[in-house]
1. By accessible area of protein heavy atoms, probe 1.4 Å, what ranking do Ile153, Ile90 get, highest first?
2. Whenever you get a sec, line up His18, His104, His154 from highest to lowest accessible area (probe 1.4 Å, protein heavy atoms).
3. How much accessible area does Phe172 have with a 1.4 Å probe, in Å² rounded to the nearest 10?
4. Given the pairs Lys63/Lys157; Lys11/Lys140; Lys32/Lys81; Lys11/Lys77; Lys64/Lys160, which span a C-alpha to C-alpha distance of over 24 angstrom in this model?
5. Once the piece of chain linking Ala71 and Asp12 is laid out straight, how much longer is it, given 0.36 nm per residue of separation minus the C-alpha distance between them?
6. Calculate, in nm to one decimal, what Met117 and Arg155 gain on full extension: separation in residues at 0.36 nm each, minus their alpha carbon distance.
7. I'd like the accessible area for Thr144, computed on protein heavy atoms only with a 1.4 Å probe and all protein chains in place. Round to 10 Å², please.
8. I'd like to check one number: the per residue accessible area of the chain, probe 1.4 Å, reported in Å² as a whole number.
Amino acid sequence: LRSMMNMVELKDTYTKNHSESVAFYSVILGQKLGFPSSRLERLNIAAQLHDIGKVGVPDEILKKQGPLSSAEYAVMKTHVKLGEKVLAPIQSLHREAFIIGHHHEHVNGSGYPYQVMMKDIPLEARMISIADAYHAMISKRPYTLGMGTEEAIHRLKLSKGTQFDPSLVDLFCEYLRAPAKHTHRFRPFCLVH
């Protein structure tokens, strides 16, 4: 697993920090939902590897310093199925592969790649979707400065019921507004040290 993450990091250095942050936020949601340690660990692994399919995206698209064209965006979207395809043959990561294959689905069915609705999107994928979007919004990248927490919360709330699971958005925003109230007793398996 660490080798897989190292491979992704070699392709795109931004991905390491992003994946670790997405995993951290996803595990917070799992803790708030009372997941047992074994399920938290699987969630952590899926979140750490959610962008592994980006190894199959050409560098000129992955590292482009500006908005993607519609054709480039179509190629970028293939990373979800590529990630699922990479992990699916590994029996011990079969569940994580399924989660990764659904982390860009929207609860109203408008996401990709399968256009399924909430009941058909794994809970863990819905959690990773929120953590992924939040970290992307607050992150500084070559083409954006990133936004503040309150603006990101506002945007998450605007997408409740369309892109994101409303109850998970509420839980996540509650954490963001009062992180000190939550204890983090679970020390997730860390893929990257």
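1. Details: Ile153 0, Ile90 60 Å².
Of Ile153, Ile90, the descending order of accessible area is Ile90, Ile153.
2. Details: His18 5, His104 45, His154 95 Å².
The residues order as His154, His104, His18, largest area first.
3. 0 Å²
4. On the way: Lys63/Lys157 29 Å; Lys11/Lys140 19 Å; Lys32/Lys81 29 Å; Lys11/Lys77 17 Å; Lys64/Lys160 30 Å.
From the list (Lys63/Lys157; Lys11/Lys140; Lys32/Lys81; Lys11/Lys77; Lys64/Lys160), the Cα-Cα distance tops 24 Å for Lys63/Lys157; Lys32/Lys81; Lys64/Lys160.
5. 19.2 nm
6. Details: separation 38, 0.36 × 38 = 13.68 nm, distance 2.04 nm.
Answer, rounded to one decimal: 11.6 nm.
7. Per-residue accessible area (Thr144): approximately 50 Å².
8. Details: 9670 Å² over 193 residues.
Ligands and nucleic acids excluded, the figure is 50 Å² per residue.
The values are calculated or read from the model by the stated rules, or taken from the named source; none is laboratory data. All figures in this text were calculated on a predicted structure; none of them were measured in a lab. These accessible areas exclude ligands, DNA and RNA; they are computed on the full protein's heavy atoms, side chains included. Shrake-Rupley method; radii C 1.70, N 1.55, O 1.52, S 1.80 Å.
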